[in-house]
Amino acid sequence: MQPPLPPPRPVPGPADDVLHDAGWAGEARSALACAGSLLGVSLGVDACVHEPTLLGTAGWIALAALLLVVLLPARVGVAPGLLVVQGLWLTRTVRIDRLTSVSWPEGTSRRLILRDDEGSRAEVDLRVLLANPGLWLQIETGAHASRQRGILIHGTTDLARLSLRVHAETTRCVFKVSGLQ
């Protein structure tokens with residue numbers, strides 16, 4: 001007796017073309033754990049040293065909330081033609097198929113800055129692009145389309161430099177995982 005045939009695969013649609021940062025959930029949990037640990041330890045030490053006060057407890061809660069705000073990463077998603085960066089309070093959307101400027105400042109900056117022809121601006125952390133090559137490929141494809149249209153006028157050298165870095169890092173990871181390094 002033969003096993004039954006597997007169900008047919010769903011036809012890819014627009015929702016299947018959306019890519020998200022795969023490591024965001026883990027980083028968000030880590031940020032929450034750090035803030036929660038700070039709150040727990042500080043309230044515990046405060047209770048051991050002297051009797052907790054309402055003002056002191058509110059201060060520790062505010063400090064833990066501030067740490068959470070600082071550590072919580074922006075969520076990055078890419079759909080065909082769109083880049084969406086969702087922060088805690090702001091959501092920035094850039095048309096990656098209509099880019100006018102791409103900037104990756106030299107030095108200590110670890111962010112890619114994208115601007116489109118509608119004036120929208122978004123920043124993406126380089127670690128997100130290195131950890132998610134699919135996101136980078138979508139951005140690179142959109143930038144290539146913008147360059148073909150002739151509207152990407154600033155940052156083609158930064159884009160080429162970043163492309164070499166992301167592809168080299170991806171290749172290095174593939175070799176490491178496959179045991180060839």
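Okay, here's what the table says:
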| quantity | calculated |
| --- | --- |
| Loop sites in region 85-137: GluC sites (Glu not before Pro), DSSP, at most 16 other Cβ within 10 Å | GLU106, GLU118 |
| Convex hull volume of region 106-158 per residue (C-alpha atoms, cubic angstrom) | 86 Å³ |
| For the chain, accessible area per residue (1.4 Å probe, heavy atoms of protein chains only), Å² | 65 Å² |
| Computed label-point distance, nm, for sites LEU63 and VAL41 using a 7 Å Cα→Cβ extension | 1.1 nm |
| Computed [θ] at 222 nm, deg cm²/dmol, the chain (DSSP H ≥ 4; -39,500 (n - 2.57); rounded to nearest 500) | -17000 deg cm²/dmol |
| Carbon and sulfur %, accessible surface of region 50-181 computed with the full protein complex present, 1.4 Å | 60 percent |
| On Cα atoms only, tilt of 24-49 relative to the major axis of the chain in degrees | 10 degrees |
| Mean projected area in nm² (Cα convex hull; one quarter of hull surface) for region 62-132 | 5.7 nm² |
| Region 37-87, Cα convex hull volume normalised per residue, Å³ | 61 Å³ |
| Principal axis box of the chain, alpha-carbon based, largest edge first, Å | 67, 64, 37 |
| Rounded tilt (10° steps) of 156-178 against the dominant C-alpha axis of the chain | 80 degrees |
| Of VAL84, VAL70, VAL166, the one that fluctuates the most in a GNM where the chain has Cα springs shorter than 10 Å | VAL70 |
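The values are calculated or read from the model by the stated rules, or taken from the named source; none is laboratory data. Just so you know, these numbers come straight off a predicted model, no measurement behind them. When we count neighbours, we look across all protein chains shown, and the Cβ atoms used for this are built from the backbone with ideal geometry, even at glycine. With ligands, DNA and RNA removed, areas are computed over all heavy atoms of the protein, side chains included. Shrake-Rupley method; radii C 1.70, N 1.55, O 1.52, S 1.80 Å.
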